[in-house]
Amino acid sequence: MIELPGVDPKMIANNIEPFEPTHPGELIKDEIEYRHISQRQLAAEMGVSYTVLNDIINGKRAVNTKFALLCEAALSVPAYVLTGLQADYDMQMAKRDKSFLDKLKSIKKIAVVL
């Protein structure tokens with residue numbers, strides 16, 4: 001997080017998190033709509049089940065490295081973009097999990113004592 005003297009860190013553009021994190025499935029969905037490809041066609045081309053692709057597009061399943069590489073081969077979307085979006089999405093979702101944040105706070109208190 002960027003901090004500047006006298007400036008609220010939440011007001012710096014680089015520190016602002018989106019209201020809703022972007023799941024990589026949204027990018028895949030945009031690509032197939034732009035190319036006028038059905039989910040079933042893409043799933044068949046990639047050799048994955050329609051259910052897996054549909055779950056990813058609807059943000060119900062994470063994109064893993066192998067799936068990202070399959071998308072790269074089928075759509076020419078760089079795999080690192082999809083895995084990076086997934087990592088960002090996971091990080092933002094973890095930061096919104098109250099019980100996990102409570103756990104982090106308790107760990108930080110222990111670390112300060114050490």
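The values are calculated or read from the model by the stated rules, or taken from the named source; none is laboratory data. Keep in mind the model is a prediction, meaning the values are calculated, not measured. FYI the Cβ positions are ideal-geometry reconstructions off the backbone, even for glycines, and counts take in every protein chain you see.
Points to keep in mind about this one:
- Close Cβ contacts (under 6 Å, 6 or more residues apart or on different chains) running from residues in region 24-48 that are farther than 23 Å from Gly84 by Cα to residues that are surrounded by fewer than 17 Cβ atoms within 10 Å (Cβ to Cβ) and not β-branched (Val, Ile, Thr) comprise Arg40/Tyr50.
- Look at region 102-113: where a residue is outside any helix (DSSP H, G or I), no partner that is modelled with pLDDT under 85 sits 6+ places away or on another chain with Cβ atoms under 6 Å.
- Elements of type helices (runs of 4 or more DSSP H) contained in region 32-96, each with 2 or more residues being among the hydroxyl-bearing types (Ser, Thr, Tyr): 50-57, 79-95
- Scanning region 64-101 for residues that are surrounded by 13 or more Cβ atoms within 10 Å (Cβ to Cβ), hydrophobic (A, V, I, L, M, F, W, C), over 18 Å from Leu42 (Cα atoms) and in contact (Cβ under 8 Å) with a residue 12 or more places away in the chain returns Val81, Leu85.
- Screening Asp55 with (1) closer than 23 Å to His36 by Cβ; (2) touching an Asp or Glu at 6+ places or on another chain (Cβ under 9 Å) gives one miss only, at (2).
- Flag if Leu85 is modelled with pLDDT of 95 or more and in contact with a His (Cβ under 8 Å, 6 or more places away or on another chain): yes
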